[in-house]
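The values are calculated or read from the model by the stated rules, or taken from the named source; none is laboratory data. Here the structure is a predicted model, which is why all the values come from computation and not from measurement. A quick note on method: Cβ atoms are made from the backbone with ideal geometry, for glycine too, and the neighbour counts reach across all protein chains shown.
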Amino acid sequence: MKTRGAVCWETGPKAHWEVSELELDPPGDHELLIRWVAAGLCHSDEHVITGDLPCRLPLIGGHEGAGIVEEVGPSVTKVKPGDHVVCSFLPVCGTCRWCSTGRSNLCDLGATLLEGSLPGGAFKFHARGGDIGAMCMLGSFAERSVISEYSAVKVDDDLPLDKAVLVGCGVPTGWGSAVYKAKVGPGDTVVIYGTGGIGINAVQGARHAGAANIVAVDPLANKREKAEELGATHSAASGAEAGELVTRLTNGVGADSSIVTVGTVDATVVEQAFDIIRKGGSVTITGLGPIAEKTIQLSGTMLTLFEKTVQGTIFGSSNPMYDITKMLDLYRIGQVKLDELCTNTYSLDEINQGYQDLRDGKNIRGVVLHAS
Ligand SMILES: NC(=O)c1ccc[n+]([C@@H]2O[C@H](COP(=O)([O-])OP(=O)(O)OC[C@H]3O[C@@H](n4cnc5c(N)ncnc54)[C@H](O)[C@@H]3O)[C@@H](O)[C@H]2O)c1
Ligand SMILES: [Zn+2]
Ligand SMILES: [Zn+2]
């Protein structure tokens, strides 16, 4: 069938999303056809455009996606036509070493994530005489995609998909960075660097976990205000300001943990996050940067003598099949906010405006609403 989608054909300073005509193959074994309703504009797709993430091109963007199943291929048991789904940007097979030990965010099916082919290697999209990949095997910047059933999470029909879409990446990634990876606990002091679409949810997770001091660090006033609205107890416009604040709040002891969720991670912010924690504390790095850049440059001796931990996390170390629905359950009872996170909506043809607004710092999360 024919569809349309925003494709990254080339990377670099002048690169942008090009809404292109696409040919889409029907769903095969364990695959389904989805009509996307909404797609979140995460900074990770921006890393594709800049070339920070070395994806195979061309690639249809979009890994935060919610939609409705239109058709299923042979052997699909998980969903049926008409079901509402939020997709996981990490496929989950349920049986590999990682899935079967409670770490399904590391599922082996994710091996071709940067290729953009489905598990098994198939490219379902074609245009201009070649195969087109789909970001994280999803490609929610297309009107329709064929995806693996291992990426789909069925959700209740009454949930608004234009809000539920955020639990495909931003919400569990941020929430889990605080709750699962940093293991924020009651009474803790936690510092979150960068409170955009991911960091704001680290704030929500830290609040949920009972932290006493949640310090949101962001140079932008609108981000600091939103962070305070959603649970930050303090905010700072710079790393230096945060350092002084935390020294005061903890009588010189330091924060229990810090979480790095800035748009593009560099060695400076990682060093700030390292210096601000106490003995035995942890730095959790969730944000990404140019893949070849050495963004961790720290004194190993300080790490050793103070027993500090520096760790990374993908999807906030959440388990997609469990945590995507759990975030929605928490949304229903008001303990996870989603409506407050959607700053602006765009049509598919306005997607480059959406990314310009992300670069300009206007959005907590921008969302593309596909025409039905
Ligand atoms: N590990 C994962 O699984 C995962 C998943 C999704 C996104 N990410 C990554 O997380 C990062 C954040 O994504 P996002 O969608 O929230 O981006 P975003 O652009 O919405 O937010 C980034 C925020 O960081 C702030 N910022 C920039 N430099 C800063 C600094 N030095 N100190 C403090 N704040 C600073 C910006 O003002 C902005 O508010 C990106 O690198 C993205 O690729 C990782
Ligand atoms: Zn994302
Ligand atoms: Zn697996």
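In this structure, GLY170 qualifies as within 16 Å of ligand 2 (Cβ to nearest atom), over 17 Å from ILE34 (Cα atoms) and in contact with a Cys (Cβ under 7 Å, 6 or more places away or on another chain). Taking the criterion of being loosely packed, with under 14 Cβ neighbours inside 10 Å and in contact with a strand residue (DSSP E or B) (Cβ under 7 Å, 6 or more places away or on another chain), the residues of the range 1-25 that qualify are MET1, LYS2, GLU21, GLU23. Among the residues of the range 319-332, are any part of a loop (DSSP other than H, G, I, E, B), under 19 Å from the mean Cα position of the chain (by Cα) and closer than 22 Å to HIS208 by Cα? Yes, that holds for at least one residue. Just so you know, in the range 29-43 the residues that are farther than 19 Å from LEU159 by Cβ and within 16 Å of ligand 1 (Cβ to nearest atom) include one that is surrounded by the fewest Cβ atoms within 10 Å (Cβ to Cβ), and it is HIS43. When GLY185 is tested against (1) more than 16 Å from ligand 1 (Cβ to nearest atom); (2) touching a Cys at 6+ places or on another chain (Cβ under 8 Å), exactly one condition is not met: (2). If I ask for residues that are surrounded by fewer than 23 Cβ atoms within 10 Å (Cβ to Cβ), in contact (Cβ under 8 Å) with a residue 60 or more places away in the chain and acidic (Asp, Glu), which ones from the range 315-356 would you list? Across the range 315-356, the qualifying residues are ASP339, GLU340, ASP349. Only a single criterion out of (1) away from ligand 1 (no atom under 16 Å from the Cβ); (2) modelled with pLDDT of 95 or more; (3) assigned to a loop (DSSP other than H, G, I, E, B); (4) on the phi < 0 side of the Ramachandran plot is not satisfied by GLY82, namely (4).
ARG103 meets all of the listed conditions (1) within 16 Å of ligand 1 (Cβ to nearest atom); (2) in contact (Cβ under 8 Å) with a residue 24 or more places away in the chain; (3) over 19 Å from CYS42 (Cβ atoms); (4) surrounded by 16 or more Cβ atoms within 10 Å (Cβ to Cβ) but one, namely (4). Taking the range 295-318 as the range and being under 16 Å from the mean Cα position of the chain (by Cα), within 15 Å of SER257 (Cβ to Cβ) and not in a helix (DSSP H, G or I) as the test, the residues that pass are GLY312, THR313. Evaluating LEU138 against the criteria (1) over 14 Å from HIS63 (Cβ atoms); (2) away from ligand 3 (no atom under 16 Å from the Cβ); (3) of a type in the set (A, V, I, L, M, F, W, C); (4) in contact (Cβ under 8 Å) with a residue 60 or more places away in the chain leaves one unmet condition, (1).
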